[in-house]
Structure formats: C-alpha cells, structure tokens
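Engineer: Below: one structure in structure tokens.
The values are calculated or read from the model by the stated rules, or taken from the named source; none is laboratory data. Since the model is a prediction, treat every value here as computed from it, not as a measurement. FYI the Cβ positions are ideal-geometry reconstructions off the backbone, even for glycines, and counts take in every protein chain you see. Note: areas computed on protein heavy atoms with side chains; ligands, DNA, RNA excluded. Shrake-Rupley method; radii C 1.70, N 1.55, O 1.52, S 1.80 Å.
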Amino acid sequence: MAMGSGAFTLALALALATYVIPEERKCQLSGLWRNELDSLMEISAVRDNGDFQGKYLTRVTLAGSCAHASPLRGAQQQPSEGGWPTFAFTVRWDKFSNATTAFTGQCFMDTGGKETLTTMWLLREAVGSLEEDWKATRVGRNVFTRKRIRKGKILPSLSPSCEDTSSPAP
Ligand code: BTN
C-alpha cells in the first residue's frame, strides 16, 4: 500500500528529529578551552572529516621554564545520536622542549549547555639512552571547560609567553 504524502512527511520529520542533533546540543571542539592547571588551548575549526588543529599554551612545564604556544593536531569522531564524541590530539611542544604529549578524551554537554572535555594524557620526554626509557613517560588527567572571550582576542594575547617574561634588552 502506497504511503500518502502527509504520512510520508510525518515519517521523514520523525526520522530527522530522531537522528539529527540540533547544532546547539552538539559538543563543538572549536574555540578556546582552559584546564584546571590554567593551561589554554585554542582549537580552530573542525573539518568535515573530524580533523582539527590548533595551539596549546601550557601553564606548567617539566623544567619550570616559560612555555611557547605549541601546535596541536587531532581528530574527532563524528557525533552520533545519543553519544558524545570522543577525540584525540597530540601537542608537539615547540621551541622550549623536546617532549610530546598525546591527549585522548570525550566532549560532554550538561542540560544547561555547559561543555566539558575530559581527557587523559601521556607526556613523553626525551631521554638520552635506552636505559632511561623506563622513566620517560608520565600519565595524567586534564578537564577542560570553554573559556569565553571577547571577539578578536586570541590565545597568545591572553597569557604571557617566553618572549614576554624575558628581561627587556638594555
Ligand atoms: C615540557 O614541559 O617539556 C612540555 C610541557 C608539558 C605540559 C604538560 S602536558 C600535560 C599537562 N597538561 C597541561 O596543560 N600541561 C601539562
């Protein structure tokens, strides 16, 4: 039996309501985030295939020195019906360190629309020999929340970098 056009439209609307998550209920990774260590990361637009890139400015360093904003690259799973997306990214610490960190996590949104990124990370520092390999990797957890900023503000302008903290030339 053929379905009438009214019934077909209703079925289509129901299917869309079931499978399409409204934009405002999606966890969007793009934007500026801050974790409990006060580190900042800025993720630029996530591509259709889930790939993304950005910059990370850590508040803490292994050596206790100042940090440069460092490049991050990652990939996000496609948000599915009833599930918050998982993602992973790496940060190649630039200029001030030979270390690399890999983060993996998931984006959650509460009923009020507040987004939280829960992550676990592995931080690999460079050691000088195979004998020292056992102590080269640290593991930890970071939780990020979105940092709202005025239009035009970008990550480096929000936090002092190595250049800003060095003593002025005589
Ligand atoms: C280094 O000090 O050699 C590199 C910086 C490492 C910063 C780590 S990565 C995991 C943790 N989360 C942060 O925001 N910063 C630290």
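Engineer: Which residue is farthest from Ala99 (Cα to Cα), if the candidates are limited to region 44-56 and must be within 16 Å of the ligand (Cβ to nearest atom) and open to solvent by 10 Å² or more (accessible area, probe 1.4 Å)?
Structural biologist: Looking at residues that are within 16 Å of the ligand (Cβ to nearest atom) and open to solvent by 10 Å² or more (accessible area, probe 1.4 Å), I get Gly54.
Engineer: Right, here's the next one. Would you check if there is a residue in region 125-138 being open to solvent by 80 Å² or more (accessible area, probe 1.4 Å), part of a strand (DSSP E or B) and modelled with pLDDT of 95 or more?
Structural biologist: Checked against the condition, which is being open to solvent by 80 Å² or more (accessible area, probe 1.4 Å), part of a strand (DSSP E or B) and modelled with pLDDT of 95 or more, region 125-138 yields at least one hit.
Engineer: Now, a different point. Check Thr116 against each of (1) over 24 Å from Arg59 (Cβ atoms); (2) among the polar types (S, T, N, Q); (3) in contact with a strand residue (DSSP E or B) (Cβ under 8 Å, 6 or more places away or on another chain) and name the one condition it does not meet.
Structural biologist: Unmet condition: (1).
Engineer: For region 95-104, state whether one or more residues are surrounded by 14 or more Cβ atoms within 10 Å (Cβ to Cβ) and in contact (Cβ under 8 Å) with a residue 60 or more places away in the chain.
Structural biologist: Yes, some residue in region 95-104 is surrounded by 14 or more Cβ atoms within 10 Å (Cβ to Cβ) and in contact (Cβ under 8 Å) with a residue 60 or more places away in the chain.
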